[in-house]
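J.: Sending over a structure as structure tokens; questions will come in a sec.
The values are calculated or read from the model by the stated rules, or taken from the named source; none is laboratory data. Fair warning: this is a prediction, and the values are worked out from it, not measured in the lab. Please note: Cβ atoms are built from the backbone with ideal geometry, for glycine as well, and neighbour counts cover all protein chains shown.
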Amino acid sequence: MNTPFSGDGPLVLAHRGGGGESVENSWAALEHMRANGLTVMETDVRVTADGVPVLHHDATLERMAGRGEAISALTGEQLAKIHDHSGNPPVPLDEALLSFPEIRFNIDAKEAAAVGPVAERAARHRDRIVVSSFSSSRLAQMNRATPGLFRSMGMGNVAAFLALATISPRLAHSVYPERPGTIALQIPEKYGPIPVTTPRLIEAAHRRGFEVHVWTVDDPAAADRLIAAGVDGIVTDTPVALAAHLSAQGPIRK
């Protein structure tokens, strides 16, 4: 099955466009990706008061623009007059899709209001969008709106899959219900003291045809270790640096 992530070698996902190398989720981050041949952006979507989906992680503008307003309290026109730390307004999702046709987007719907707009864009750009969310219920809502869209597994379902895999990878493979469109587990290496990216989870995921992507990894040695263990993708704040490191060892997807 061809997906937006199909290809050979480990996948490098630019976390928020590469927030360690540029201003996260910004026009500058997108230009930085283009200039360095990166084509997979992990990003976040929130929605304005009048329904415009924009690339933005936080509920408010405080961290990225030094203002206290919530994205949801402003119209798209009002938001377009506010500049983030890159000197530009926050990026509307539709403009990012239009202006950067080479980039594929792994979109985290950060709030309930983002479910419909993200699902709609994923349906229109099936070859370019994978949806994700910490919330399994949001992912289920998006799948009901657009059956079979490409998506990662929600964290509640990851916990259940991990529990089954810890008992037996074969059990996780046989018991976990079929969910067409699920293509990846996007997970931390650990959740507090609890190991998540375990050999059994990786084996169980691969048995089901799921990729395993680990966030957020900037250390090249850690990335090497995870890839050697069978991890398929690395979500990183330093995608240019990590892509250069990994590409010296063989083919990569970036």
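J.: Can you give me the ranges of the strands (runs of 3 or more DSSP E) entirely in region 146-254 with at least 1 residues that are without any contact (Cβ under 8 Å) to a residue 24 or more places away in the chain and under 21 Å from the mean Cα position of the chain (by Cα)?
T.: Once the strands (runs of 3 or more DSSP E) in region 146-254 are filtered for at least 1 residues that are without any contact (Cβ under 8 Å) to a residue 24 or more places away in the chain and under 21 Å from the mean Cα position of the chain (by Cα), nothing remains.
J.: Filter region 162-175 down to residues that are in contact with a Phe, Trp or Tyr (Cβ under 7 Å, 6 or more places away or on another chain) and crowded, with 22+ Cβ neighbours inside 10 Å, then give me how many there are. Steps first, please.
T.: The first filter runs over region 162-175 and keeps only residues in contact with a Phe, Trp or Tyr (Cβ under 7 Å, 6 or more places away or on another chain), leaving 164, 172.
Still in the running and crowded, with 22+ Cβ neighbours inside 10 Å: 172.
Here the count works out to 1.
J.: Turning to a different aspect of this structure: Which one of these is in contact with a Gly (Cβ under 8 Å, 6 or more places away or on another chain), more than 26 Å from residue 138 (Cα to Cα) and in contact (Cβ under 8 Å) with a residue 60 or more places away in the chain: 33, 41?
T.: 33
J.: Just to verify a result, which residue in region 98-115, among those that are in a helix (DSSP H, G or I) and of a type in the set (Gly, Ala, Ser), is farthest from residue 52 (Cα to Cα)?
T.: 99
J.: For region 68-91, how many residues are more than 22 Å from the chain's Cα centre (by Cα) and among the acidic types (Asp, Glu)?
T.: Of the residues in region 68-91, 2 are more than 22 Å from the chain's Cα centre (by Cα) and among the acidic types (Asp, Glu).
J.: Now a separate question. Which of the numbered conditions does residue 86 fail, given that it passes all the others? Conditions: (1) loosely packed, with under 15 Cβ neighbours inside 10 Å; (2) more than 20 Å from residue 5 (Cα to Cα).
T.: (1)
J.: What residue, among those in region 40-62 that are surrounded by fewer than 20 Cβ atoms within 10 Å (Cβ to Cβ) and part of a loop (DSSP other than H, G, I, E, B), is nearest to the chain's Cα centre (by Cα)?
T.: Step by step, filter region 40-62, then rank; the result is 57.
J.: So residue 241 clears everything in (1) among the hydrophobic types (A, V, I, L, M, F, W, C); (2) under 16 Å from residue 10 (Cα atoms); (3) touching a helix residue (DSSP H, G or I) at 6+ places or on another chain (Cβ under 8 Å); (4) buried (at least 21 other Cβ atoms within 10 Å of the Cβ) except one condition, right? Which one?
T.: Only one criterion in (1) among the hydrophobic types (A, V, I, L, M, F, W, C); (2) under 16 Å from residue 10 (Cα atoms); (3) touching a helix residue (DSSP H, G or I) at 6+ places or on another chain (Cβ under 8 Å); (4) buried (at least 21 other Cβ atoms within 10 Å of the Cβ) is unmet by residue 241, namely (4).
J.: Which ones in region 63-97 are in a helix (DSSP H, G or I), among the hydrophobic types (A, V, I, L, M, F, W, C) and either in contact with a strand residue (DSSP E or B) (Cβ under 8 Å, 6 or more places away or on another chain) or without any contact (Cβ under 8 Å) to a residue 40 or more places away in the chain (or both)?
T.: Scanning region 63-97 gives 65, 71, 73, 79, 93, 96, 97.
J.: Say we look at region 127-144 and pick out the residues that are surrounded by fewer than 16 Cβ atoms within 10 Å (Cβ to Cβ) and touching a residue at least 24 places away in the same chain (Cβ under 8 Å); which of these is nearest to residue 56 (Cα to Cα)? I'd like the intermediate steps shown before the answer.
T.: So in region 127-144, the residues surrounded by fewer than 16 Cβ atoms within 10 Å (Cβ to Cβ) come out as 127, 134, 137, 144.
Now restrict to residues that are touching a residue at least 24 places away in the same chain (Cβ under 8 Å): 127, 134.
Details: 127: 22, 134: 16 Å.
Among them, the one singled out is 134.
J.: Here are the criteria: (1) out of contact with any strand residue (DSSP E or B) (no Cβ under 6 Å at 6 or more places or on another chain); (2) surrounded by 21 or more Cβ atoms within 10 Å (Cβ to Cβ); (3) closer than 15 Å to residue 18 by Cα. Tell me which single one residue 219 does not satisfy.
T.: Failed condition: (2).
J.: When region 120-140 is examined, which residues are found to be at pLDDT 95 or above and out of contact with any strand residue (DSSP E or B) (no Cβ under 7 Å at 6 or more places or on another chain)?
T.: Scanning region 120-140 gives 120, 123, 124, 125, 126, 127.
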